[in-house]
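Inspection log for the structure reproduced underneath, given as C-alpha cells.
The values are calculated or read from the model by the stated rules, or taken from the named source; none is laboratory data. Because the structure is predicted, anything quoted here is derived from the model rather than measured. As a convention, Cβ positions derive from the backbone with ideal geometry for all residues, glycine included, and neighbour counts pool all protein chains shown.
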Amino acid sequence: MKSDFIQRLRTAQTISSSVVCVGLDPDLDKLPEFLYQEHGSAASAVLAFNKAIIRATAPYACAYKLNAAFYESLGSCGFDVLKRTLGMIPKGKIHLVDAKRGDIGNTASKYADSLFGLLNTDGCTVAPYMGMDAAAPFLMYEDRAVFILVRTSNPSSDQLQSLMMDGLPLYAHVARLAAEWAEALPGTVGFVAGATHPAELLHLRKLYPHTPFLIPGVGAQGGSMDAVAQAATSDGLVLVNSSRGILYASSGEDFDEMAANAAKQLRETLNQAIHAHAD
C-alpha cells in the first residue's frame with residue numbers, strides 16, 4: 001500500500017516518543033582513536049562505532065539516516081559496511097540512505113535497485129534537477145519513501161532554490177512537482193526542508209500538511225527548533241536529523257554514553273517544543 005511507509009513511520013515515532021533521526025555519518029577523522037587500536041582497520045572501527053551508537057541511541061530515536069559518502073570513502077568494503085550497519089538497526093526503526101541520487105534512465109533504475117533492492121532501505125534522498133526522470137525509478141517502489149531535495153540547509157542553497165519564477169521561488173515549484181509525482185507513482189514522496197530556513201520550512205508545511213519532512217540543520221548548523229516544532233504539530237510528520245551533535249558528543253571511551261545523552265536531550269527538547277505549539 002502507498003501509505004505503508006507513513007504507517008511504519010508513525011508507529012516508530014509512537015513507540016519511541018520521538019521524531020529524532022540519528023545521522024550515522026562516521027567521519028574517520030573524528031572517530032575515537034581507541035577504536036582503531038582495538039579493531040585494526042577503518043572498516044572494523046566504523047562498524048564498532050556504528051554498533052555502539054545505534055545501541056545507545058535506539059531508545060531515543062525513531063529513525064537512522066546513513067550518508068552514503070562516508071561509506072563509499074572506505075573503498076571497496078564500503079558497501080558491505082553500509083549494508084551491515086543497516087542490519088544493526090533494530091526492527092521497527094525507520095532507516096534511510098542519504099545518497100542524493102539524481103541521474104536518469106537505466107542509471108537511475110540501477111541506483112534504485114541498489115538502495116531498495118540490495119540494501120533494502122526504507123527511503124532515500126533524490127536530487128530533482130533533472131526532473132521527474134530522476135525520481136520516477138525510485139518512486140516505483142510503493143512501500144518506500146523518496147525524500148526530494150526541496151529547500152536544503154546549506155549556505156549556498158539560495159543560488160538556485162530562491163530564484164523567482166512566475167512569482168514563486170524555485171523551491172516552491174520543486175515541491176509542487178514532487179507532490180504531482182507522488183500522485184502519479186506508487187512510492188511515497190517526502191521533502192528535505194532545512195531548519196536553517198524557518199520561514200520557507202513553515203511555508204512548505206502549510207502547503208503540504210501531510211507530506212513527511214526530513215529536516216536537517218538542527219544542532220551544529222543552528223537551525224530553528226521553533227520552526228521544526230511548528231512543522232511537527234497536528235498531522236505533520238517530521239524526521240529531525242542530527243549527526244555531528246550526537247555522534248561526536250565525546251571523542252573518548254564514553255562516546256556512546258554521551259551520544260545517548262545528546263539524543264535524549266534532543267528528543268526532550270523537540271517534544272517540549274512540539275507540545276507547546278500543539279496546546
Of everything in segment 216-272 that's among the β-branched types (Val, Ile, Thr) and under 16 Å from the mean Cα position of the chain (by Cα), which residue is farthest from ASP25 (Cα to Cα)? VAL228
With the structure loaded, tell me whether ILE54 is in contact (Cβ under 8 Å) with a residue 24 or more places away in the chain and farther than 28 Å from VAL240 by Cβ or whether it fails that test. no
Taking the residues in segment 89-103 that are free of Cβ contacts under 8 Å to residues at least 40 places away in the same chain and of a type outside the set (Val, Ile, Thr) as candidates, determine which candidate is farthest from LEU24 (Cα to Cα). ASP103
Does any residue of segment 176-186 turn out to be at pLDDT 95 or above and touching an Asp or Glu at 6+ places or on another chain (Cβ under 8 Å)? yes
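Here's the yes/no breakdown for (1) aromatic (Phe, Trp, Tyr); (2) within 15 Å of ALA127 (Cα to Cα); (3) crowded, with 17+ Cβ neighbours inside 10 Å; (4) in contact with a helix residue (DSSP H, G or I) (Cβ under 7 Å, 6 or more places away or on another chain):
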residue	(1), (2), (3), (4)
PHE147	yes, yes, yes, no
PRO155	no, no, no, no
ASP158	no, no, no, no
MET164	no, no, no, no
TYR171	yes, yes, yes, yes
MET225	no, no, yes, yes
ALA231	no, no, yes, yes
VAL238	no, no, yes, yes
ALA249	no, no, yes, yes
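In contact (Cβ under 8 Å) with a residue 24 or more places away in the chain, closer than 22 Å to PHE5 by Cα and either among the aromatic types (Phe, Trp, Tyr) or buried (at least 19 other Cβ atoms within 10 Å of the Cβ) (or both): is that true of ALA112 in this structure? Let's see the steps before the verdict.
Details: in contact (Cβ under 8 Å) with a residue 24 or more places away in the chain: yes; closer than 22 Å to PHE5 by Cα: yes; either among the aromatic types (Phe, Trp, Tyr) or buried (at least 19 other Cβ atoms within 10 Å of the Cβ) (or both): yes.
Taking the combined requirement at face value, the residue satisfies it.
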On the basis of being under 24 Å from ALA263 (Cα atoms), surrounded by fewer than 19 Cβ atoms within 10 Å (Cβ to Cβ) and either modelled with pLDDT of 95 or more or among the acidic types (Asp, Glu) (or both), does ASP103 make the cut? no
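Whether any residue in segment 175-191 is surrounded by 23 or more Cβ atoms within 10 Å (Cβ to Cβ), in contact (Cβ under 8 Å) with a residue 24 or more places away in the chain, under 28 Å from LEU24 (Cβ atoms) and in contact with a Gly (Cβ under 6 Å, 6 or more places away or on another chain) is what I want to check. If you could, list the steps in order and put the result at the bottom.
Step one: list which residues in segment 175-191 are surrounded by 23 or more Cβ atoms within 10 Å (Cβ to Cβ), which gives 175, 178, 187-191.
Narrowing further to those that are in contact (Cβ under 8 Å) with a residue 24 or more places away in the chain: 175, 178, 187-191.
Adding the requirement that they be under 28 Å from LEU24 (Cβ atoms) leaves 175, 178, 187-191.
Next, from what is left, pick out any that are in contact with a Gly (Cβ under 6 Å, 6 or more places away or on another chain): none.
No, the conditions are met nowhere in segment 175-191.
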Just checking, does segment 104-116 include any residue being part of a helix (DSSP H, G or I), at positive phi and either more than 19 Å from the chain's Cα centre (by Cα) or among the acidic types (Asp, Glu) (or both)? yes
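Got a sec? Which helices (runs of 4 or more DSSP H) wholly within segment 125-240 have at least 2 residues that are over 26 Å from GLU268 (Cβ atoms)?
Numbers: elements: 132-139, 158-161, 170-184, 198-207, 225-231.
Per the criteria, 132-139, 158-161, 170-184, 198-207.
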Which condition number does ALA134 fail, the rest of (1) surrounded by fewer than 21 Cβ atoms within 10 Å (Cβ to Cβ); (2) more than 27 Å from ALA61 (Cα to Cα) being met? (1)
